[in-house]
Every structure is written in C-alpha cells, then in structure tokens.
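What follows is a single structure, written as structure tokens, with notes after it.
Computed from the coordinates by the stated procedures, all read-outs in this text should not be read as laboratory data. All figures in this text were calculated on a predicted structure; none of them were measured in a lab. When we count neighbours, we look across all protein chains shown, and the Cβ atoms used for this are built from the backbone with ideal geometry, even at glycine.
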Amino acid sequence: MSDSQTPENSSIVPQPSGRVVSVDEFKSLFYQLNAKPDTEIRLLPGKKNLELADIRSINDQISAKLRNHDLVSDIASINFILYPRKIKDYCIWAEFERENWDTVNEKVRSITIKWDIAIKLPQYQLPQRHSLKIRIGTEIPPKDIFQLILTSDDIGELMEARATSICKVDFVNDILAAELMNIVGDWHEGLDDLPETNFLSSFLAKNGKFLSQIIRYSSPIVLLIIFYQYYDFLMPWIGIQSQITIKSLEALLIWLTAIFVAGTFLGRKVEICIDKRIDRLEEYPQFSITRGDKKAVDEFEKTNKKLTYQIVARFLWVVFSLVVTSSIKFVIQYFS
C-alpha cells in the first residue's frame, strides 16, 4: 500500500494554523469573557439564636435583591452539621423545605448557607459567577486550627475557621457584593440574642480553671496549717519529743515532707476533678430548629446547675477546712 496521500485525503487532514496566539493575548481574551472574582469576608459579632423562620427570611431577602439584577441563575444550598457525627446537605432549597425538622432528634452544631449566582454584566460577554456564604455555629477546635496552620498560609481560611459566624462573598460586581453584605449584616443583627446564663456558671466557665490552680497550689499549705494547729496534740502520737534533738527534728522533717507531698497530690486531684466539670459546662443552645434543639434547652439548665453545685462544693471544701479544723481545736481545748 502506498503511503502517499491523494488530493481528497489531504483535504480532510487538519492544517496547522498560520497564527500562534501569545500568552498575553490569551489572558486578555480570557478575562474579557470571565472576570477574576474578588473575595470579602465579614465576621458577624455576637451569638444569636437561630430559628427556621430566620433561615427562610434571609433566603427571601437575598432572592428579592437578586431579582433587581440581570439574573441568569441562582442556586441556594444549605448544610447542617448535627451532634453527634451527622451531616445533612441539601443541594437545592426545595429539598430543605421538604424536611420535617420535628422528627430530627439530633442537635444542630452549625449551619452553612450558600448561594451560587450568575448575573450578566455590561462589560463581560458571559454571565459572571458570584457566590455568597453564611456560616453560623461552632468554630473549629484549637487542635484542628493548628493542623490548618501547618497546611495553609491563607489568612482568610484561618479567619473563617476561628469565627463563630461569618459572611463571605466572592464577587465581580462590588455594588452587588456590598448590597448582599449589608443584607446579611442587618439580618444577623436583628436575630434574637442568646439568653444570659446564670452568673455563677458563667463566672466558673471563664475563671474556674484559674481558681482550681489556686486550690492545687494552696492545698499543701492548708494541710501544713492544719498540722500546725494540732501540733501540740500530735507530738506524742507521732513520736516527736518536746525537747529539741536531732532525732526529733528528723522525725518532724519527715512528717512535714509527707504532709506537703500528700497536699500536692490531693490538690492535683481536686484540680483535675474541678477542671473536668468546668469543661462540661455548656453554653445556651444557639439553634431552635430540630426536636433535639428544643430538648437541649432543658438539658442545658439541668446539667449546668448540677455541675455548678459540684464545682462550688469542692471549692468550699478547701475554704472551710481551716474554719472547721480551728473550731474543732477550740472545742477540744475547751473540754480538755
């Protein structure tokens, strides 16, 4: 078979273009058709109570604003992170509306709402993509933040991770971005604030671990003071003579060391016990959406009341130990 091409065959063979497009020309053409979006992130201050009506309200407000522009497409999606270890992801808003939340027993930890928007702009030939994201709920734990620092140098990602509530918009049209940001800001500000927790519970959550450290380091001193109060009664029992001798000093030093070590051990145990209960103190539930959220309010009040009582009781053990031992010594001296 001959390898030569006939005129008919040669006519269907792709011919190389006579003009090579430079990189700069390609970039110019690309950005003429598709603009590179900018990003703005706003931290939403304060902790708010979020209900289903509030979620529907922000979606209605965003949709109404988008209708004022040359809108091509608008897709709203919503993601729920539930406690424990469950995620509900709705790719379209209609799926979210069909959910019966009164049958969901889990508690909501965080909510992320996202709008993917395409609008026509006069200076671009193709519709330009914008996106708006709102996240409200639990921030990423410190251990996960450390991993994020090691794997990313993007300050925006770190801000998003640490914030309890954020609003992020990727935009080409800065006027539309400002309008969406203002709508979200006003909506979030209008949400109900979380009720204030009990003053004592709030104080322990903020300062309890500092007080537990004071107990840890003061426990050996408290035991030494108690030993000093009963020194006269304990001398014969522990084998220390009233006359100062090398042997009695050695015995006294041994007892003081043993008491100090025992106090250190006891103080550490009390500190751990208090810190564990402080870590279990809960914040007022931020969401009122699921059946589990409504039950969480009652559980929050019962749990915090019980833990607060246990923490305060352990503080009082140390505070009143000196008072009690002094009173007992007074009674012994009175009747002896």
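Structure above, values below:
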item	result
Environment charge at residue 261 (Cβ cut-off 14 Å; Lys +1, Arg +1, Asp -1, Glu -1)	+3
Residue-by-residue Karplus 3J(HN,Hα) for region 270-284, coefficients 6.51, -1.76, 1.60, Hz, glycine and proline x	5, 4, 4, 4, 5, 4, 4, 6, 5, 5, 8, 5, 9, 8, 4
Point-to-point label distance, residue 245-residue 198, nm (Cα→Cβ direction, 7 Å offset)	5.7 nm
Taking 231, 284 and counting other C-beta atoms within 10 Å, the order from fewest to most	231, 284
Trypsin sites (Lys or Arg not before Pro) restricted to region 81-144 and DSSP loop, no more than 10 other C-beta within 10 Å	85
Cβ-defined net charge surrounding residue 61, 12 Å radius [Lys, Arg +1; Asp, Glu -1]	-1
Estimated FRET transfer efficiency (residue 83, residue 221; beta-carbon r; R0 35 Å; 0.05)	0.25
Two-site FRET efficiency, residue 283 against residue 114, from Cβ-Cβ distance with R₀ of 22 Å, rounded to 0.05	0.30
Kirkwood Rh and Cα Rg combined as Rg over Rh, evaluated for region 199-335	1.20
Backbone HN-Hα couplings from phi across region 205-213 [Karplus 6.51/-1.76/1.60, Hz, Gly and Pro as x]	5, 8, 10, x, 5, 5, 5, 5, 5
Gain in span if fully extended, residue 125 to residue 97, counting 0.36 nm per residue against the direct Cα distance	6.6 nm
Gain in span if fully extended, residue 314 to residue 299, counting 0.36 nm per residue against the direct Cα distance	3.1 nm
For region 169-180, 3J(HN,Hα) per residue [Karplus equation, 6.51 cos²θ - 1.76 cosθ + 1.60, θ = phi - 60°, Hz, x = Gly/Pro]	10, 9, 9, 10, 8, 5, 5, 4, 4, 5, 5, 5
For residue 82, distant residues with modelled amide H under 5 Å away	87, 88, 109
Inter-site label distance for residue 255 and residue 207 at 7 Å from Cα along Cβ, in nm	3.8 nm
